[in-house]
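The values are calculated or read from the model by the stated rules, or taken from the named source; none is laboratory data. Bear in mind that the values here come from a model prediction, so they are computed numbers and not experimental data. Because the Cβ atoms are built from the backbone with ideal geometry, glycine has one as well, and the counts that use them run over all protein chains shown. For accessibility, only protein heavy atoms count, side chains too; no ligands or nucleic acids. Shrake-Rupley method; radii C 1.70, N 1.55, O 1.52, S 1.80 Å.
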Amino acid sequence: MTELNLSGVEKAYGDIKVLHDIHLSIESREFVVFVGPSGCGKSTLLRCIAGLESITQGQIRIGNRDVTYLEPADRGVAMVFQSYALYPHMSVYDNIAFGLKMQKLPKEQIQAKVQNAARILQLEPLLDRKPKALSGGQRQRVAIGRAIVHEPEIFLFDEPLSNLDASLRVQMRIEIAKLHADLQATMVYVTHDQVEAMTLADKIVVLNKGCIEQVGSPLELYHHPRNRFVAGFIGSPQMSFLQVSAASVSTEGVEVILPGGGRLRVPVNGDGVKAGDALTLGLRPEHLSELGQGEAQIPAKALVVEHLGGETFTHAETADGADLMIKGDGMSQVKAGQQLSIGVSGGRCHLFNAQGQALPHRVHYTDRAAEEAAQLPGSAAVAG
Ligand SMILES: Nc1ncnc2c1ncn2[C@@H]1O[C@H](COP(=O)(O)OP(=O)(O)OP(=O)(O)O)[C@@H](O)[C@H]1O
Ligand SMILES: [Mg+2]
């Protein structure tokens, strides 16, 4: 069932339009993540859904209700902010109970709801403490507790973990995933963190300058970005981009001329492309081989080698100054300054036309994965 529907939503502050013609459907119980560069409109869109900002045009529906002109409290949503916004003079219990007291709910009901939220969030031993006596993660759990007691149809989270240190973020990320599973609620979540977006989302919405660039599952966006913007935004370290020219176009794909003169056939639909056209080739770090393995090679010089233990990232540069990032295993022997012949295979590459639109892959990643599994020894037995 569609839980939240945005149709033609626009938002302007005076003459400045910050959201343009947003159309988005979110299903019941879905976990949807908004990502995009700073200032692209993620918080504004979330605040429009919450009713904290009015919209200039369009319609917002929750369930089968038009909520476009409803007050925040009447929309059935609860929002958790980056700054926990707790009342410093109140205990954890009173912070969580505050909204319910304002609604003048009977005391026993308030107590039951607060106890239930505290149990889910493991805050029971901390209910008498003041916020200043809590860690960052505990404070954020209180803020989430305040949302839970309202039993909203939709939870809205605006970068709830970005004030936490790295290890606490990982822990809280897992807790939010568990919370989603326990509450079976619809969640809309804004983050800058690639890992949070990839791991938490059923569906990622990539925003850019107030417009939706692409909506899809994390792996769909990773393997089939619709354009150069999404390709560069999803994935860390980023995809590398090389300027290439088309040598020939056939039903098999587009053959391109690589820096250094090598040729590579990329199995994409080349409709509208002709020999000589300038294209952009997109290469993910894990699809490049510092050992030269692949269907073609690109000469490049290693500039910086980063050993992370389990993996190694090599920043390299082609003769005409294009950057390449290569992921190797932890035992990589590459040294800065070394001349490399970097291996690449067409099936893993992305091609973009002059307008930055991706040429569609001929094979979907799920089919490719199945095909590759079928070639591995033992997989026939599994399939059989
Ligand atoms: N009250 C306001 N008046 C005018 N412009 C505003 C107002 N609030 C936000 N904006 C502008 O709207 C745009 C979107 O802001 P928003 O806060 O939604 O971005 P964001 O994607 O959440 O960014 P960040 O990742 O930095 O949090 C920005 O260009 C911002 O300057
Ligand atoms: Mg924001």
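For segment 62-73, a residue qualifies if it is open to solvent by 60 Å² or more (accessible area, probe 1.4 Å) and closer than 12 Å to His150 by Cβ, and exactly one does: Ala73. The residues in segment 166-213 that are within 16 Å of ligand 1 (Cβ to nearest atom) and under 20 Å from Ile49 (Cα atoms) can be counted, and the count is 16.
Inside segment 11-61, can you point out the residues that are aromatic (Phe, Trp, Tyr) and open to solvent by 10 Å² or more (accessible area, probe 1.4 Å)? Across segment 11-61, the qualifying residue is only Tyr13.
Against the test of being more than 16 Å from ligand 1 (Cβ to nearest atom) and among the hydroxyl-bearing types (Ser, Thr, Tyr), the options Thr2, Thr44 yield a single qualifying residue, Thr2. If we scan segment 19-42, do we find a residue that is hydroxyl-bearing (Ser, Thr, Tyr), within 16 Å of ligand 2 (Cβ to nearest atom) and within 20 Å of Ser83 (Cβ to Cβ)? Yes - at least one qualifying residue is present in segment 19-42.
Here is a yes/no grid of residues against (1) exposed (fewer than 14 other Cβ atoms within 10 Å of the Cβ); (2) over 25 Å from Ser28 (Cβ atoms); (3) not assigned by TED's automatic domain parsing to the domain that holds Ile212:
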{"site": "Gln82", "(1), (2), (3)": "no, yes, no"}
{"site": "Tyr87", "(1), (2), (3)": "yes, yes, no"}
{"site": "Asp94", "(1), (2), (3)": "no, yes, no"}
{"site": "Ile110", "(1), (2), (3)": "no, yes, no"}
{"site": "Lys130", "(1), (2), (3)": "no, yes, no"}
{"site": "Ala143", "(1), (2), (3)": "no, no, no"}
{"site": "Ala147", "(1), (2), (3)": "no, no, no"}
{"site": "Asp158", "(1), (2), (3)": "no, no, no"}
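Which condition number in (1) assigned to a helix (DSSP H, G or I); (2) modelled with pLDDT of 95 or more; (3) more than 16 Å from ligand 2 (Cβ to nearest atom) is the one that Ala197 fails? So Ala197 meets the others, but not (3).
Looking at (1) modelled with pLDDT of 90 or more; (2) open to solvent by 30 Å² or more (accessible area, probe 1.4 Å); (3) in contact with a Ser or Thr (Cβ under 8 Å, 6 or more places away or on another chain); (4) not basic (Lys, Arg), which is the one condition that is false for Glu124? Exception for Glu124: condition (3).
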